[in-house]
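**Student:** Below you'll find the structure I mean.
Readers should treat all values here as calculations from the given coordinates under stated rules, not as data from a laboratory. Since this is a predicted model, take the numbers as computed values, not measurements. Cβ placement follows ideal geometry from the backbone for every residue including glycine, while neighbour counts extend to all protein chains displayed.
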Amino acid sequence: MPIIHRSMARIVRHDRNHPYEVKAKDGETFRICACGLSRNKPFCDGSHRRTADELPGELYAYDEDGRVRVPAFYPG
Ligand code: FES
């Protein structure tokens, strides 16, 4: 009997467009990605700048090539 592996895609919504700043006991500050676009998760790599001109109330999907505005199928 063949083994069938199925994977599922997920849409994860991120509403924040700037990182969380977390201060460690030693005083060092870490910037944690909250936009979902960092290539160095969990740390912010500045990719949130791509979200700077998003319009309030609109939903966007990002990939390597850019972004598209998505019709709001999913209630907030
Ligand atoms: S908050 Fe995601 S890259 Fe900065």
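**Student:** Quick check: anything in the stretch 38-55 within 12 Å of the ligand (Cβ to nearest atom), β-branched (Val, Ile, Thr) and either in contact with a Cys (Cβ under 6 Å, 6 or more places away or on another chain) or at positive phi (or both)?
**Tutor:** First pass over the stretch 38-55, keeping only residues within 12 Å of the ligand (Cβ to nearest atom): 38-52.
After this cut, where a residue has to be β-branched (Val, Ile, Thr) as well, the list is 51.
Filter once more, so that each one left must be either in contact with a Cys (Cβ under 6 Å, 6 or more places away or on another chain) or at positive phi (or both): 51.
Checking the stretch 38-55: at least one residue is within 12 Å of the ligand (Cβ to nearest atom), β-branched (Val, Ile, Thr) and either in contact with a Cys (Cβ under 6 Å, 6 or more places away or on another chain) or at positive phi (or both).
**Student:** Here's something else I'd like to know. Can you go through ALA52, ALA24 and tell me which one is of a type outside the set (D, E, K, R) and either more than 15 Å from the chain's Cα centre (by Cα) or surrounded by 10 or more Cβ atoms within 10 Å (Cβ to Cβ) (or both)? Spell out how you get there, then give the answer.
**Tutor:** Values: ALA52 fails: either more than 15 Å from the chain's Cα centre (by Cα) or surrounded by 10 or more Cβ atoms within 10 Å (Cβ to Cβ) (or both).
That would be ALA24, the only listed residue that is of a type outside the set (D, E, K, R) and either more than 15 Å from the chain's Cα centre (by Cα) or surrounded by 10 or more Cβ atoms within 10 Å (Cβ to Cβ) (or both).
Results for (1) basic (Lys, Arg); (2) in contact with a Phe, Trp or Tyr (Cβ under 7 Å, 6 or more places away or on another chain), shown as yes or no for each residue.
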site	(1), (2)
ILE3	no, no
HIS14	no, no
LYS25	yes, no
GLU28	no, no
ARG31	yes, yes
SER38	no, no
PRO42	no, no
GLY66	no, no
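**Student:** Here are ARG31, ARG6: which of them is farther than 21 Å from VAL70 by Cβ and near the ligand (Cβ under 7 Å from one of its atoms)?
**Tutor:** On the way: ARG6 fails: near the ligand (Cβ under 7 Å from one of its atoms).
After ruling out the rest, the residue left standing is ARG31.
**Student:** Output the qualifying pairs, or none if there are none: Cβ atoms under 6 angstrom, residues six or more apart or on different chains, first residue in the stretch 38-59 and within 17 Å of ILE11 (Cβ to Cβ), second residue charged (D, E, K, R) and loosely packed, with under 12 Cβ neighbours inside 10 Å.
**Tutor:** Within 6 Å, the pairs are GLU58/ARG69.
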